[in-house]
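The block underneath contains the structure these notes are about, expressed in structure tokens.
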Amino acid sequence: MDEIIEEPLDCLSDVLSTLGDFGTEVVLEAKEYFDFNAKDRVFLLEEGEILIMTPPDPDSGRSRRHVLKAGEPYGALEAIASRVAVFDCTAQSRAKLRVFDGAKIRSHANTCGVFARTILRLFFKRVFDSIDPEKDKKASIAFEDDFIYANRDDLRNMEVSSETLIFKAKAPADKMYFIEKGVVSLISESNRVIAELGTGEIFGEAVLLGDTFRPFAAMVERDADLWAIEANFARRELQQEHPLAQLAVLLGILQYRVSNQLKGLR
């Protein structure tokens, strides 16, 4: 009998297909001026390359750089948080962008359910390094009560000892996890610590994009109680949201990856 190989999912493409003509196509020639930092505009690069540079570091005077490639967003989390992106952006080649109305995305992100709302909150925290600790704690409790315990019969609770490798980079992506207590490190393929996550955090969210493999490894640093959320269950939960709320979450995940690239966490 032939082995059945599942086709990889592309959840972002599915959402964009559902949204139809939402968004405007913009084509830029190499080096052509374009205002990437206008308020309430979200960009998704479809073709070409865009160089993005952070403002100069006040101590070293140096800027961090990343070349956006097809499938990477710019300005999504800023628009959802009603902020303005601040990076210098230059088309390195002929580039095709899809430009979205950030205010419409924000409207749906602000009214989405606890699952999607929690994921967005955590990416604000990781990308912007600023969130009210008291609000963060209350939101984590709400997620635990309204999602984890409400669905506990469909989830798996795990007690994991320190120094346990939960998954390797490039391992199959079949679950995401909620940390009820303990500390988990995300580690790049080059063995750099990308993040240390504690109580109330989520990791393994690559499953929401439909990724086949893990971009990072996850290691327990301090004895942890985890809740494992199967990939199909997590995707079904997100799919209950309006497509624009789904788009907000998926672009937020992708922007976090870009943020790590800018920080040199590869």
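Working carefully through the options Ala95, Ala81, find the one that is assigned by TED's automatic domain parsing to the domain that holds Leu28 and under 18 Å from the mean Cα position of the chain (by Cα).
Working: Ala95 fails: under 18 Å from the mean Cα position of the chain (by Cα).
Answer to the selection: Ala81.
Could you tell me which numbered condition Asp101 fails, if it satisfies all but one of (1) surrounded by 13 or more Cβ atoms within 10 Å (Cβ to Cβ); (2) over 22 Å from Arg126 (Cβ atoms); (3) modelled with pLDDT under 95?
Asp101 satisfies all of (1) surrounded by 13 or more Cβ atoms within 10 Å (Cβ to Cβ); (2) over 22 Å from Arg126 (Cβ atoms); (3) modelled with pLDDT under 95 except (3).
Could you check how many residues of the stretch 125-173 are part of a helix (DSSP H, G or I), at pLDDT below 90 and either farther than 22 Å from Val114 by Cβ or hydrophobic (A, V, I, L, M, F, W, C) (or both)?
Of the residues in the stretch 125-173, 5 are part of a helix (DSSP H, G or I), at pLDDT below 90 and either farther than 22 Å from Val114 by Cβ or hydrophobic (A, V, I, L, M, F, W, C) (or both).
Let me confirm something: among Leu19, Leu44, Leu28, which residue is surrounded by 17 or more Cβ atoms within 10 Å (Cβ to Cβ) and more than 12 Å from Pro73 (Cα to Cα)?
Being surrounded by 17 or more Cβ atoms within 10 Å (Cβ to Cβ) and more than 12 Å from Pro73 (Cα to Cα) holds for just one of Leu19, Leu44, Leu28, which is Leu28.
Among the residues of the stretch 144-167, write down those that are surrounded by 14 or more Cβ atoms within 10 Å (Cβ to Cβ), over 23 Å from Glu221 (Cα atoms) and of a type in the set (A, V, I, L, M, F, W, C).
The answer is Phe147, and nothing else.
Check Ala224, Ala234 and return the single one that is of a type in the set (Gly, Ala, Ser), within 26 Å of Gly102 (Cβ to Cβ), crowded, with 19+ Cβ neighbours inside 10 Å and modelled with pLDDT of 95 or more.
Selected residue: Ala234, the only one of Ala224, Ala234 that is of a type in the set (Gly, Ala, Ser), within 26 Å of Gly102 (Cβ to Cβ), crowded, with 19+ Cβ neighbours inside 10 Å and modelled with pLDDT of 95 or more.
Among the residues of the stretch 71-102, write down those that are of a type in the set (A, V, I, L, M, F, W, C) and touching an Asp or Glu at 6+ places or on another chain (Cβ under 7 Å).
Of everything in the stretch 71-102, those that are of a type in the set (A, V, I, L, M, F, W, C) and touching an Asp or Glu at 6+ places or on another chain (Cβ under 7 Å) turn out to be Ala79, Val84, Ala85, Ala91, Ala95, Leu97.
The values are calculated or read from the model by the stated rules, or taken from the named source; none is laboratory data. Everything numeric in this text was worked out from a predicted model, so none of it was measured. Don't worry about glycine lacking a Cβ; one is built from the backbone with ideal geometry, like all the others, and counts go over all protein chains shown.
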